[in-house]
Amino acid sequence: MRARLIRVWSIPAFLAVLLTGCAGNKSILDPAGRAAADVALVWWGMAGFFSLVLIMVVALGLYSFRRRSRPKLSALEEKRLARRFILGGGVLLPVATIGVLLIFGVPAGQRMLPVPLGTPPDVIQVTGHQWWWEVRYPGAEGGEVVTANQLVMPAGEPVDFHVTGADVIHSFWIPRLGGKIDMIPGHINRIRLEADSPGVFGAQCAEFCGTQHAHMQLYVEAMERSDYEAWLAERQAAKLETLAVQSDAHAPAREVFVEYCARCHRVAGLTVPDSQWELAPIQGPDLSDIGARPTLGAGVLAMEEGAIGYWLEHHQQLKPGNRMPAHLALEPPALQAIGDWLETLSP
Amino acid sequence: MNDSSQDSSRKTAPEDTRRFLEDLERVWANPRGLGALTIVNHTTVGLRFMLTGMAFFLVGGVLAMLIRSQLAFPGQNFMAPEIYNQVVTMHGTVMMFLFAIPILEGLAIYMIPKMIGARDLVCPRLSAFGYWCYLFGGLILLSSLFMEMAPSSGWFMYTPLSSKVYSPGLGSDFWLLGITFVEISALSAGVELVVSILRTRTQGMALHKMPLFAWYILAMAMMIVVGFPPLILGSVLLELERAVGMPFFDVAGGGDPILWQHLFWLFGHPEVYIIFLPGAGIVSTLIPVFAGRPIVGYGWAVFAVITTGFISFGLWVHHMFTVGMPQLAQTFFSAASMLVAVPTGIQIFLWLATLWLGKPRLQVPMLWIFGFLFVFVLGGLTGVMLALVPFNWQVHDTHFVVAHMHYVLVGGMFFPLIGGLYYWLPLFSGRMPSQTLGKWGFWLTFLGFNGTFLIMHWTGLLGMPRRVYTYGADEGWQLFNLISSVSSFLMAMGIAMILVDIMLHFRFGKPARQNPWNADTLEWATSMPPSPYNFVSLPKVETRHPLWEYPQLPRTIAEGRHGLAAAFHGRREIWGTDPLTGKLREVIHIPTNSWWPLFAALALAVVCISLLLRWYPLAGIAVLVAAGFLLRWSWENGAHPRAAPDTREQPGNPPLHSRTLDGPGVWTMAVALLANGAFFLSLLFGWFYLWTISPEWSMPPESPLSLTLLVLAGLASSAGWLWLERCVRRLRRRQGAGLAKGLYMISALGAVQLGLLVWVLVLAELDVTATAHDAVLMVSLVYVMLHTGFGAVLTLLQGLRVGYGYVGVEAPLEPVVVRLLWRYNLGVYWIVVVSLAVLPRMIGGTT
């Protein structure tokens, strides 16, 4: 089963990394948006210039050992030379560098600031939970859409992300699109990002948030505007509600779900007795469209047939310490049945 | 400098010299066996600090190896996630708090008196107390690791992750209590080093003549004094939140988790420079010696040190660029952070100029200085990159930052430290280190270090966040992580080799000759290894390079031809000199070996453990016991027979410090109050921060604090203060009549103030678990009450001491010290009244 967890260690991929160097679906140096491209450019500039500075400093130091013929300097000449070192290297060099850096560097961040625009960008709300992502589209036509661990955004236009933390501090970061912003309980932070063209990008929580910080991945996909709108339309409550209850074959699984899972997980269309809600210990991801999501457990497993059942049985081994109880009362066939039903929740 | 010429008239006969040396040995003797626990001498305490620091370094190193083993391959299960998080947290905590700072303090404690020509630090018992606090605090913290309940929320303990809800175990408590305990040691070392450097330099050593190392340590110590209190306050508040439920950082109760980050980094950024400055001080000491010429631009170096110290307090926000702050603030802190490159650049280029103008010799200590140059400059340059906000948004909290931080800290501190260790080894042991093993050790460490961390910048740029316990094989990070892990083991081998080299040298090293590196500073004028009193006699030094200009100095010092060459009175004596000019002012007789530091630290350890275990009654008792020990310790001061067996002045010497009105005790109190003031200002910052920024702050429309009672209490306090001022004025005029009675009355006024404050507290009916507002009020009132009580008790004791004859017209110093506390208390009190009770009435609360 390990192959499911992590893709096979493959020599070609390894070589590809060596060759392309900067590539990678979380690489800052493989930008897919204007803001990230600006920063990457700034990085290359700084890296180049600072390498020169480093080489110069070390060379000066090394050469002072190698110099065989030392001209005899008078005290005054020594003083003048020393002043040249100190003023040139210690004052002028840093001040000039800082000046250039601020002039070119600070504007590089402008694109990520949520300043007012002529046509206000779409807003996507992202909330960090230990250890998953809640994503809401408050502006979707026909009503708010809620999903988890998957973020879909329109390509070629700026999008405003309003982020917060539900429990501890997390950090929202899509490296190939731009900088990160912390998700802090009680605060709402805003950042503006734009994907140049459709594509899939990696993202991962960037502020240490506890046991499973490593497994808090977000699958980000940028789509053409029309695809994006279609994607949102498919997830309208009315459609999802029928999806959940349409098949009688899964009725027993639904009952078990209502009894054990619905305290934390919402599935649109399921009626849950109030008594269950009152018991809700913590909020878990909304599962209304889980069958259509690319990963499970915030990036732990790839979604494929039987994956949900497998996850339900083994999630504490796959993602030790995650907040979902082990549910030992449920036998593997029952878990598998729930998984089979959830897989059908694919709009 | 007219060392021998001035004192040569006082040539002593050989048998006199012998008797004098016997006296000196007896007075300064370090007891053996169990009695060794009472040693307060700075040489021993400094070595203890350094050895303990080394031991913690090995622990931290093993933790680092565990981390690199886990990350060597993707998807490893070498450690469970929870254990990994504990290991990561403890690696950072141990390296920062139990290795870097203490070992540098130890070096400073060991070296400073020797460099400034003193026999000991000015408060030897405080050094010993600091050491015990460090040892016990460190052991308590470390024990958590072996019980698998170590802190696991990262070494900067961000709340809410570290709060009771999300870290229910004892881990965070271990961190908060243990670190606070260890910080007592940092603060005591800081206070003591400041006062020693300012007030006990040898005769004639003006401020601008003291070795550069002393400037660096002075800056470091001042920064400890001002920089550590914010974290102590933060730790106290967070522990109160965890233990009692006072919601300082909980949004629901009107607190704000960002306040913790401010308090942490208000400490955390200066701390980076607290660690770097002594390292740079070592570099500034070694480069001139191995270049064979004085440093170029001494004044520039001093300027750079002081500027670094100041700028470092204005940069903390650059650790928080991603918390969502106004852009203007970000740009300001961005520019300020880059600006620190200027003083750093000045230092680097004056080192280069010194090498350039000298004839440098490449010996093992210099190898490390070269390693420093490469590693630290690289780290500094990536630091400038990180100060650029948009770039910071990208790489913040990735392995790029991990790499940067290690370059700065290992480069700025570890490389110079090892260079310094090699350099000063002959002083510690009287033997020379080997060249071969030392070179191997350096190259392995250097290559291993760069192999580990240079590549890690790249790992970070490819998007690997810090503190992840594992990563997927499809991320493209595996090769780089593997290189880092393999290299880290290379580095570990290098460090092992250095340790072996150092251990072997104690046995096989060639005996060193006096001043083996041909250095210029006074520590090489001591015997090797040094005696507890360092110098048989204290020379007058008016040059920056005493040993270059007067190579015979070690001999004339040992022959007792300089100052304070008498010990038959049984006192441990050092010079007290003017802070600026180094003019002789008094003879300071310093306390001798004592059990009280150990006992007081043990009592505090009981406090720490009982707070951990939530045994509050025991904690309360232990606090009282600790206070008792500390007061008992302070009892042996002034003219107390155990502090000064013979208080007569010696003809030709300046007065004893207890007979002056400006002895080092006043300075110690002043610097301690500076630390206290930093603590108080942090608290005040917290109050105004929560009031203005916290998202769900609520404040009752009417302040619960009774203004009438507060003003009455303030009047009592003001009256006490005025009276105390009058007492001191009379003492100055040598009028001691009615002193004891006056002091009792002043103490009573303090008690009245305390009583009124208790009344205020009772009337206020604060609900400290419901709102941050009430919680801050409670903490502030308790702070004021503790100080009032402390002032009253000290004044009462002064009254008693007058009765015993320990204090009076002949020994007027102590009331001056207590007066300083009263002034501070009064100032703080009125600020509290205005901020907590008056301003809310004027501006009005919200609900």
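Numerical summary
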| item | result |
| --- | --- |
| Scope the range A:290-313; condition surrounded by fewer than 16 Cβ atoms within 10 Å (Cβ to Cβ) and either in contact with a strand residue (DSSP E or B) (Cβ under 7 Å, 6 or more places away or on another chain) or in a helix (DSSP H, G or I) (or both); matching residues | A:Pro294, A:Ala302 |
| From the options B:Phe370, B:Phe374, B:Phe428, B:Phe400, residue that is of a type in the set (Phe, Trp, Tyr), assigned to a helix (DSSP H, G or I), farther than 23 Å from B:Ile483 by Cα and within 9 Å of chain A (Cβ to nearest Cβ) | B:Phe370 |
| Top-ranked residue in the range A:60-81 [being farther than 17 Å from B:Gly380 by Cα and small (Gly, Ala, Ser); ranked as surrounded by the most Cβ atoms within 10 Å (Cβ to Cβ)] | A:Ser64 |
| Residue that is farthest from the other protein chains (Cβ to nearest Cβ) [pool: residues in the range B:671-716 that are within 32 Å of the chain's Cα centre (by Cα) and under 18 Å from B:Val760 (Cβ atoms)] | B:Leu683 |
| Residue under evaluation A:Gln316, criteria (1) outside any helix (DSSP H, G or I); (2) free of Cβ contacts under 8 Å to residues at least 40 places away in the same chain, criterion not met | (1) |
| Residue match in the range B:381-391 (condition: touching a Leu at 6+ places or on another chain (Cβ under 9 Å) and either more than 8 Å from chain A (Cβ to nearest Cβ) or closer than 30 Å to B:Gly438 by Cα (or both)) | yes |
| Boolean, B:Gly411 is in contact (Cβ under 8 Å) with a residue 40 or more places away in the chain, closer than 30 Å to A:Ala36 by Cβ and surrounded by 24 or more Cβ atoms within 10 Å (Cβ to Cβ) | yes |
| Condition met for A:Ser171 (touching a Cys at 6+ places or on another chain (Cβ under 9 Å), closer than 22 Å to A:Gln110 by Cα and among the polar types (S, T, N, Q)) | yes |
| Residue that is in contact with a Pro (Cβ under 7 Å, 6 or more places away or on another chain) and either free of Cβ contacts under 8 Å to residues at least 24 places away in the same chain or crowded, with 24+ Cβ neighbours inside 10 Å (or both), where the choices are B:Gly106, B:Gly117 | B:Gly117 |
| Top-ranked residue of the range B:290-306 - restricted to ones that are away from every other protein chain (no Cβ under 11 Å) and either among the acidic types (Asp, Glu) or within 22 Å of B:Leu207 (Cβ to Cβ) (or both), ranked as surrounded by the most Cβ atoms within 10 Å (Cβ to Cβ) | B:Val305 |
| Some residue of the range A:259-278 being buried (at least 18 other Cβ atoms within 10 Å of the Cβ) and part of a helix (DSSP H, G or I) | yes |
| Matching residues in the range A:162-200 - criterion: being buried (at least 23 other Cβ atoms within 10 Å of the Cβ) and farther than 29 Å from B:Phe248 by Cβ | A:Ile174, A:Pro175, A:Arg176, A:Leu177, A:Gly178, A:Gly179, A:Leu193, A:Ala195 |
| Selected residue (only one of B:Tyr134, B:Tyr158, B:Tyr166 is out of contact with any strand residue (DSSP E or B) (no Cβ under 8 Å at 6 or more places or on another chain) and away from every other protein chain (no Cβ under 14 Å)) | B:Tyr134 |
| Residue, nearest to B:Arg732 (Cα to Cα), within the range B:643-667, restricted to residues that are assigned to a loop (DSSP other than H, G, I, E, B) and either without any contact (Cβ under 8 Å) to a residue 24 or more places away in the chain or of a type in the set (Ser, Thr, Tyr) (or both) | B:Thr660 |
| Hey, A:Leu287 assigned to a loop (DSSP other than H, G, I, E, B), within 21 Å of A:Leu151 (Cβ to Cβ) and either at pLDDT 85 or above or in the same structural domain as A:Val245 (by TED's automatic domain parsing) (or both) or not | yes |
| Complete set of residues in the range B:733-758 that are among the hydrophobic types (A, V, I, L, M, F, W, C) and closer than 30 Å to B:Leu238 by Cβ | B:Leu754, B:Leu757, B:Val758 |
| Qualifying residues in the range B:697-748 (those that are among the polar types (S, T, N, Q) and not in a helix (DSSP H, G or I)) - the one modelled with the highest pLDDT | B:Ser706 |
| Filter pass, A:Ala140 being surrounded by fewer than 23 Cβ atoms within 10 Å (Cβ to Cβ) and modelled with pLDDT under 95 | yes |
| Per-region count, the range B:800-816, residues part of a helix (DSSP H, G or I) and surrounded by fewer than 19 Cβ atoms within 10 Å (Cβ to Cβ) | 3 |
| Counted residues, the range B:431-475 - those being closer than 30 Å to B:Trp517 by Cβ, aliphatic (A, V, I, L, M) and at pLDDT 95 or above | 2 |
| Residue identified as more than 19 Å from B:Leu161 (Cα to Cα), away from chain B (no Cβ under 12 Å) and part of a strand (DSSP E or B) among A:Asp160, A:Asp196 | A:Asp160 |
| Pairs where the first residue, in the range B:470-492, is in contact (Cβ under 8 Å) with a residue 40 or more places away in the chain and more than 12 Å from chain A (Cβ to nearest Cβ) and the second is among the charged types (D, E, K, R) and crowded, with 18+ Cβ neighbours inside 10 Å, C-beta under 6 Å, 6+ apart | B:Ser485/B:Arg68; B:Ser488/B:Arg68 |
| For A:Glu234: the one exception among (1) of a type outside the set (S, T, N, Q); (2) surrounded by 15 or more Cβ atoms within 10 Å (Cβ to Cβ); (3) closer than 20 Å to A:Trp132 by Cβ | (3) |
| Pair list, Cβ under 7 Å, 6 or more apart: the range B:575-602 residue closer than 20 Å to B:Gly33 by Cβ, other residue modelled with pLDDT under 95 and acidic (Asp, Glu) | none |
| The range A:87-130 - residue that is at the interface with chain B (Cβ under 10 Å from one of its Cβ atoms) and in contact with a strand residue (DSSP E or B) (Cβ under 9 Å, 6 or more places away or on another chain) and, of those, farthest from A:Asn149 (Cα to Cα) | A:Val115 |
| Residue in the range B:590-601 that is of a type in the set (A, V, I, L, M) and within 18 Å of B:Phe535 (Cα to Cα) present | yes |
| Enumeration of residues in the range A:210-237 that are hydrophobic (A, V, I, L, M, F, W, C), in contact (Cβ under 8 Å) with a residue 60 or more places away in the chain and either outside any loop (DSSP other than H, G, I, E, B) or in contact with a Gly (Cβ under 7 Å, 6 or more places away or on another chain) (or both) | A:Leu218, A:Val220, A:Ala222, A:Met223, A:Trp231, A:Leu232, A:Ala233, A:Ala237 |
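The values are calculated or read from the model by the stated rules, or taken from the named source; none is laboratory data. Here the structure is a predicted model, which means the values were calculated and not measured. Glycine also receives a Cβ, built like all others from the backbone with ideal geometry; neighbour counts cover every protein chain displayed.
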